[in-house]
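Where a number appears in this text, it was derived from the coordinates with a stated rule and is not lab data. Predicted model only: the values in this text are computed from it and were never measured. Every residue, glycine among them, receives a Cβ derived from its backbone with ideal geometry; neighbour counts consider all protein chains shown.
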Amino acid sequence: MTTYLSEPAYVHSADPVLSLAGVTKVYRSGSLEVAALRGITLDVQPGEYVAVMGPSGSGKSTLMHIIGCLDVPSAGSYHLAGEDVSTMSEDELAEVRNRRIGFVFQQFNLLASMTAWSNVALPLAYAGISRPQRRQRAEAALARVGLGDRVAHRPGELSGGQQQRVAVARALVTEPALILADEPTGNLDSTSTADVLSLFDELHAAGRTVVLITHENDVAARAGRIVRLRDGLVTEDSALGAAAASAVSS
């Protein structure tokens, strides 16, 4: 399969794609306080492929929500593609999510009644792009992920791996600063998992910045860097060479 993955402009930026400094997140229920994150400092540079790991309750889901602008820190700062998003309003955060972040979820989050190209074009519709331009860009994104012959298919007519490729195309269509994937292979069989992970390898090779949340060592081993969390803290942040990747996957 041949895909066409253009290099984003952010590859040549001098700023980190994302930069968190002293980020904490405290959830309150009455008099009870739970610290989900306890001072996270993390930079991800343009073109990096980072896997975030940790046991249940480690804070990785909370971190994903903050990186994805789905939640805001209780304290600390967060810059995404040079923009300080830590104090933005909900409307401002929604705009940043649509412009700057491409999401890939475990559940695919495709609309069953819509064709592949219509699903991919949704972020462009929210951005006010005209229908002809939406279709052109959506079909180009589907071609990038090897589904140029499936643009008129609905999710129910596609395999799990193909549905996740549609989700990746939707993440790419706005040319975002960051691809944020949350357990993207969690609902896939081994063949589809290998197919989707190969696509993330291609995205990385093309200069895309990818942050992947996973609990699976073999998935994390495909990344160039692993960040491990425990009890709301970063306990390890390591770049993977071939030997390290082999150790993680074993």
### Task
Between the alpha-carbon centers of segment 200-224 and segment 112-168, tell me the distance in whole angstrom.
22
#### Entry: Cα extents of the chain along the three principal axes, largest first (Å)
51, 44, 38
### Task
Please figure out what share of the DSSP beta bridges in the chain is antiparallel and state it in percent, rounded to the nearest 5.
60
### Query
Can you give the angle from 0 to 90° between the axis of helix 90-100 and the longest principal axis of the chain, with both taken from C-alpha atoms, to the nearest 10?
60
## Note on the structure
Relative contact order in percent for the chain (Cα pairs under 8 Å, 6+ apart) equals 27
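Which whole-number percent gives the relative contact order of segment 181-236, counting Cα pairs below 8 Å spaced six or more residues apart? Don't skip to the end; give the middle numbers.
Values: 36 pairs, mean separation 17.2, N = 56.
Answer for segment 181-236 is 31 percent.
Only helical DSSP H runs with n ≥ 4 go in: add -39500 (n - 2.57) per run for the chain, normalise by residue count and round the 222 nm mean residue ellipticity to 500 deg cm²/dmol.
On the way: 8 runs with 85 residues, N = 250.
That calculation yields -10000 deg cm²/dmol at 222 nm.
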### Query
If R0 is 25 Å, what FRET efficiency do you get for S89 and R28 from their C-beta distance, rounded to 0.05?
0.75
### Query
What list of ³J(HN,Hα) values in whole Hz, one per residue of segment 191-199 in order, does the Karplus curve 6.51 cos²θ - 1.76 cosθ + 1.60 (θ = phi - 60°) give from phi, with Gly and Pro shown as x?
5, 5, 4, 4, 5, 5, 5, 4, 5
